[in-house]
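Below: one structure, written as structure tokens.
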Amino acid sequence: MDYLRSETRKFRHRYWLPAALGVAAPTSIALALVAFSYGSSAPVLTALGVTLLISGIYILPTVALLGFRDIKKLRKLLRLDLDIGLVERFEAVSDSQPGSPEQTPELGSKLESMEVLPGSMSVLKMNGVIPPKRLAVEITETAPPSSATRTLKPAASAGRTFALRRLTADEQVELAATVQRLKKSVWITCIVIAIFVPAMLHELFGISHGVLSTEPLTLHALNLFVLVAAASAIYRLYRLFRNSRLLTKDLHEAELVSVAEHTAPFETFEVLRHSKLIWSKAAQPSLWRHSRAQIRRSDYLLDLKL
């Protein structure tokens, strides 16, 4: 408790960095205007002015606001941990047989125990020792592997054997939660794109009609920045929507494909039929089921052909 109180007090002195960035934003804009005033004779100053203007309008205020929000939020969560007065303790499952003497874990050899603050979701202790810096964690639960009888299917290739099994009730609940999270991300990304639409349309219209030469270079640079951000958001929207749609089909069908490799390295997978996401590998849940991070290409079994 004393340690948490001291950590809460430390956060009072961390607001200076976001405040400094907030003050630097108008300074950057002022320097950009000075650079533009001399930019007619020096293209380098014009480029410097564009960089300073983008930093002053977008980058510095965004970083300052996000930093201020994160510090305030974490300080609030640490106070919540003080009010709760409890920690969640996780221990590694021992491989020893019941009744055998327990091995004393050596610090630094491997992770045997972890204590997590439930409010801030940060690690309090690892193997009984407070970590040197703050570590944020996410506690998730995956459905236990099923021992249900599987219906064999003919092998699609000589090196593989396929089988089908139904998703258990717990697995369907887990998959439904993933689908809902993806659908929420789709709506958030749509809102972000909608904010970028006016500048994006303006830039595209200017490119197609050749009217950009009559506009200030600063506005042109800002529109290009928005155009790149919008293109990135549209690509993210495509991936989120595609994963959401295919996982919804997997949820409605509620079937997995079990794949057994008969050639080295003799791996076994469970794959969702429509999305082709690897559900488990060697009877262990895939990492994307434990994390809210974006699904990566390595999480798919792309060569699955049924």
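Given a Förster radius of 35 Å and the C-beta distance between Gln172 and Glu138 as r, what FRET efficiency does 1/(1 + (r/R0)^6) yield to the nearest 0.05?
Once the sixth-power term is evaluated, E becomes 0.95.
By count of other Cβ within 10 Å, fewest leading, how are Val259, Val173 ordered?
Going from sparsest to densest Cβ surroundings: Val173, Val259.
Pairs Lys10/Lys73; Lys73/Lys125; Lys110/Lys276; Lys125/Lys281: which are spaced more than 23 Å apart, C-alpha to C-alpha?
Lys110/Lys276; Lys125/Lys281
Please give the contour-minus-distance gain from Arg242 to Lys125: 0.36 nm per residue of separation, less the Cα-Cα distance, rounded to one decimal in nm.
Extending this stretch completely gives an extra 38.1 nm.
Out of every Cα pair in segment 2-83, what percent are spaced more than 15 Å from each other?
Of all Cα-Cα distances in segment 2-83, 63 percent exceed 15 Å.
For every other residue with a beta carbon closer than 15 angstrom to the beta carbon of Ile130, add +1 if it is Lys or Arg and -1 if Asp or Glu, then tell me the sum.
Net charge around Ile130: +2.
None of the figures in this text is laboratory data; all of them are computed from the coordinates on show. Worth saying up front: this structure is predicted, and the values here are computed from it rather than measured. Every residue, glycine as well, gets a Cβ built from its backbone with ideal geometry; the counts of neighbours run over all protein chains shown.
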